[in-house]
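Asker: Here it is, the structure, as C-alpha cells.
Values in this text are rule-based calculations from the coordinates and carry no lab data. Please read all numbers here as calculations on a predicted model, not as lab measurements. Cβ coordinates were reconstructed from backbone atoms using ideal geometry, including for glycine residues, and neighbour counts include every protein chain displayed.
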Amino acid sequence: MIDNTEIKKLTDKAYEARRNVLRMAYIDRRGFIAQALGAADFLTGLFFHAMKYRPDDPEWEDRDRFLLSAGHNAIAVYAVMAAAGMIPEEWMDTYGQDGSHLPMASMPKYTPGIEISGGSIGLGLPIGVGMALGLKRKGSDSKVFIMMGDGEMAEGPTWEAAMSAGNYHLDNIIGLVDVNGIQADGLTRSVMVTEPLDEKFRAFGFDVQRINGNSMSEVVTALDNALGSKENKPHIIICDTVPGTGLDFLIGNPKAHFISLDDEGWKRAFSELKKGEE
Amino acid sequence: MSKGVQSVISDSNVVTSHPVMAEPFGNALIELAQTNDKIVGLSADLAKYTDIHIFRDAFPDRFYNVGMSEQLMMCAAAGLAKEGFIPYATTYATFAARRCYDFISQAVCEHKLNVKIIGGLPGLQSGYGPSHQATDDLAILGAMPDLTIIDPCDAVETMQATKLIAEYDRPVYMRLLRGNRVPLVLDKYDYTFEIGKAKLLKEGSDALAISCGEMTMRCLDAAEELEEQGIHVAVLHVPTIKPFNRETVLSEIARVNGPVFTAENHTEYGGLGSLVAAAVAQEKMQADLKKIALPDRYLEAGTLGFLQDLYGISTKTVKEAFTAALR
Ligand SMILES: Cc1ncc(C[n+]2csc(CCOP(=O)(O)OP(=O)(O)O)c2C)c(N)n1
Ligand SMILES: [Mg+2]
C-alpha cells in the first residue's frame, strides 16, 4: 500500500538533496553532478524510508549499514546525509577543499557514517558479503545496503561477491545498482555492455527487482518488498535512472560523467532545478 | 551539448612555468601505430583520462575498451602479445599496480610478454585520496622480475619512451604524464631517452640530486634558481627505475663533494631513494644521502598544490631542502 503523503514528503526531501548537490558542486563549479541528481530519488528512499540509523550516532551497533561502492558518488550521499542531519549542513560548503570532512571520494577517515573507502571501485559488494556474514554471526538483524554503478558491474570482484552472496543466502544484503547508462568513457552500452543485469543477478541466486529509480513510489515499493521479503536470498534493486534528473538541460549529455558549468550554466542550474516524480 | 555545459577530461591543476604540450603519450602512440601495424590499444574505462582516447579516435578498430575490468585487461594484453601484437594498456597507476599485481606477474611478466602497461596519476598527482594516489607503484611493481619500469620527466621524454618501448620486446610499466598541459622541459637540455640509462642533465659542484619522473623537472627548476645565488646543484636523471643504472649513479656520487639528494614522487620505501641507498651501502661508499620522497602513510585528500607542498615534493619545498642542507 502506497502512502501518498509519505511519497510527497520523500519527493520534497529528494529536492532538498538535489539542491545540496548543486550547493557542493558549485564550490569547484564542477563535479559528478549528473549521477548525483539521478541517484537522489533512490538515496532519499533509502535514508528517509528504508534504513534504520541514528543521525547523531553513526556507530550505533544496531544501525543498518550503508556502503557506497563507487566512491566518486559521495556528493550524492553527502547530499542526503546533510538533509538527514547526519552531517552538519555547513560542511557542504567545504566539499572537496583542503581539510574538509567531505572529500570528493568517500572515506570513513573523514566522514562519520561513511563505512568504506570507495575511490577504488568494486569493493562494496565484496566487503558487504563479509559484513552480512558478520551480522548474521552476531545474531543481528541489521541490513547491509550497497550502492553500485552500472559501469562498476564490469569489475570481476563484484561477481565473485555475487556468487558468495547467493551461495551463503545472504538475505540481509540489499544491493542497489544505479543504471544511469553512463561511465567514465561514455555510454555504458558503448563502452562495455554490462546488461542484462536482472538475468545475471537472478542466475547468481538473487531476488531481483527492476524499477524506474526516479519514481519515488517505485523506489518505496521496491525497498518495502526487499525488507519484507521472506525469500532466503540476497536482494538487488536495479534502478534505471536518468542522469541529470531535475535539470532538463543536463539530460542526454553522453559526456555527463564529470560536468563543468560556466556562470550561465550555474545560474540556470539554481533557477531551473525541478522536483522529481512522485 | 546544450549551452553552458562542458565536460572536463582532466582534473590536473598542475601549475607550471614551462611550455606545455597536449597528450604526448597519445600522440606518440598514434605516430608509432602509423608505421607499426602490431600496435593495439586497451583501456579500462579510462581512455579519456589516460590520453589514449586520441589513439582510439585515430584507429578505432585497433582499440579495445574493456570497461572497468583492469584485471581482465592485463590478461587480455598478455593474450594479444602471445598472438604477436604489441598492446599498450592504460589505467590509473594505483589500479595497475595494486589491483592487477598477480595478473601482471603470472600472465605477462613470467613469460616476458611484449606488453606495455601505462599508469596514469603516478605518485601524488591527484588530490582524490589514497585510492588515486599511486604512492607505491614503483615499490610494488619493482619487485616483479623481468618488468622494465620507466618514470619519464616530461612531454619530450614521454614521447620518446612511448616509441622506444615498442621495439623493446619485453614487459614495460611506464608512468604516465597526461592531459593537455604536460610540461616540456628536457628539450632545453642535451638529452635523449635511452632505456636503462641515467644521464647527467646539469653539472654542479655543491650537491647532487638524483631524481626520476617529474621530480627531475622540480630538481632542475630548483637548481636553476639556486644558480642565481651561486649555489651549484648537479642533477642526474634516472628515468629507468628498473633495470637500475647503478654504475652511472655510483660514479656521479663519487664525483660530488656535498650532499646527495634523491627525489621521487613516491613513498620513501622501495623506490629510487632505496635503490640508491642500497647501492651506496653495498659499495661501502661514504655519502651524505638525503631523501626527498612521500611519507610512508596514506596521504590526505585535498588540492594538489597544497598536498605537494605539504609532503615536500613541490619545486618550492625541493629548493628549501637543497638550501637547508647547503647552509
Ligand atoms: C577500480 C577503478 N577503476 C577505475 C576507476 C575510475 N573511475 C571512476 S568513476 C568511473 C566510472 C564509473 O561508472 P559507474 O559505475 O557507472 O558510475 P557512475 O559514475 O555512472 O555513477 C571510473 C572508471 C576507479 N575509480 N576505480
Ligand atoms: Mg553509471
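Asker: With the crude spin-label approximation of a point 7 Å out along Cα→Cβ, what separation in nm comes out for B:Leu310 versus B:Asp57?
Answerer: 3.5 nm
Asker: Please report the relative contact order for chain A, taking Cα pairs under 8 Å with a sequence separation of at least 6, and give it as a percent rounded to a whole number.
Answerer: Normalised by residue count, the contact order of chain A is 24 percent.
Asker: Taking loop as defined by DSSP and a crowding limit of 13 other beta carbons within 10 Å, which chymotrypsin sites (Phe, Trp or Tyr not before Pro) in region A:6-60 fit?
Answerer: Taking region A:6-60 and a limit of 13 other Cβ atoms within 10 Å, the loop chymotrypsin sites (Phe, Trp or Tyr not before Pro) found are A:Trp60.
Asker: If I build a Gaussian network model for chain A, linking alpha-carbon pairs within less than 10 angstrom, which residue out of A:Arg19, A:Arg65, A:Arg29 has the largest mean-square fluctuation?
Answerer: Ranking A:Arg19, A:Arg65, A:Arg29 by mean-square fluctuation puts A:Arg29 first.
Asker: OK, next. Based on DSSP H runs of at least 4 residues, each adding -39500 (n - 2.57), what is the mean residue ellipticity at 222 nm of chain B after dividing by all its residues, to the nearest 500 deg cm²/dmol?
Answerer: Only helices count here, giving -9500 deg cm²/dmol.
Asker: Fully extended, how many nm does the chain gain between B:Ala325 and B:His232 (0.36 nm per residue separation, minus their Cα-Cα distance)?
Answerer: Length difference between fully extended and current span is 32.2 nm.
Asker: Work out the P(r) tail for the protein assembly as shown: percent of alpha carbon pairs separated by more than 32 Å, whole number.
Answerer: Result for the distance tail: 49 percent.
Asker: Next question. Place a +1 charge on the Cβ of each Lys and Arg in the protein assembly as shown and a -1 charge on the Cβ of each Asp and Glu, then give the dipole magnitude about the Cα centre in debye, rounded to the nearest 20.
Answerer: Using Cβ point charges on Lys, Arg, Asp and Glu, the protein assembly as shown gives about 440 debye.
Asker: Another question, then. Going by how many other Cβ atoms sit within 10 Å of their own, how do B:Tyr269, A:Tyr110 line up, fewest first?
Answerer: Final ranking by Cβ density, sparse to dense: B:Tyr269, A:Tyr110.
Asker: Treat every Asp and Glu Cβ in region A:131-278 as -1 and every Lys and Arg Cβ as +1, leave all other atoms uncharged, and give the resulting dipole magnitude about the Cα centre to the nearest 20 debye.
Answerer: Charge dipole, region A:131-278, about its Cα centre: 500 debye, nearest 20.
Asker: Between B:Gly302, B:Gly273, B:Gly213, which gets the highest mean-square fluctuation from a Gaussian network model of chain B, Cα cutoff 10 Å?
Answerer: B:Gly302
Asker: Additional query: For a quick check of your reading of the filter: which trypsin sites (Lys or Arg not before Pro) in region B:169-266 sit in a DSSP loop and have no more than 15 other Cβ atoms within 10 Å?
Answerer: B:Lys197
Asker: Please compute the modelled spin-label separation between B:Asp190 and A:Glu90, points set 7 Å along Cα→Cβ, answer in nm with one decimal.
Answerer: Reported label-point gap for A:Glu90 and B:Asp190 is 6.1 nm.
Asker: Cα centroids of region B:133-189 and region A:175-247: how far apart, whole angstrom?
Answerer: Between the Cα centres of region B:133-189 and region A:175-247 lies a distance of 40 Å.
Asker: Taking the Cα atoms of region B:7-183, report the difference between the largest and smallest coordinate on each principal axis, in whole Å and largest first.
Answerer: Projected onto the principal axes, the Cα atoms of region B:7-183 cover 43, 35, 27 Å.
Asker: Please list, ordered by chain and number, the residues whose modelled amide H lies under 5 Å from the amide H of A:Ile116; skip anything fewer than 5 residues away on the same chain.
Answerer: It is A:Leu68, by chain and number.
Asker: Let me ask you something else. Report, in listed order, any pair from B:Lys242/B:Lys291; B:Lys163/B:Lys319; B:Lys202/B:Lys291 with a Cα-Cα distance greater than 21 Å.
Answerer: Checking Cα-Cα distances, B:Lys163/B:Lys319 exceed 21 Å.
Asker: In region B:253-327, which GluC sites (Glu not before Pro) are in a loop and have at most 15 other Cβ atoms within 10 Å, using DSSP for the loop call?
Answerer: Counting only loop positions with at most 15 other Cβ atoms within 10 Å, the GluC sites (Glu not before Pro) in region B:253-327 are B:Glu283.
Asker: In whole Å, what is the distance between the alpha-carbon centres of region B:44-61 and region B:22-41?
Answerer: Between the Cα centre of region B:44-61 and that of region B:22-41, the gap is 11 Å.
Asker: Something else now. With both bridge residues required to lie in the protein assembly as shown, what share of the DSSP beta bridges run antiparallel, to the nearest 5%?
Answerer: 20 percent
Asker: If you average the sequence gap of Cα pairs under 8 Å that are 6 or more apart and divide by the length of chain B, what percent do you get for the contact order?
Answerer: With pairs under 8 Å counted, the relative contact order is 17 percent.
Asker: Let me ask something additional. Output ³J(HN,Hα) for region B:76-84: one whole-Hz value per residue in order, computed from phi by the Karplus curve 6.51 cos²θ - 1.76 cosθ + 1.60 with θ = phi - 60°, and x for Gly and Pro.
Answerer: Each residue of region B:76-84 in turn: 5, 5, 4, x, 4, 5, 4, 8, x Hz.
Asker: I've got another one for you. Could you run the Debye sum over the Cα atoms of chain B, one equal point scatterer each and no solvent, and tell me log10 of I(q)/I(0) at q = 0.07, 0.11, 0.12 Å⁻¹, two decimals?
Answerer: -0.26, -0.65, -0.78
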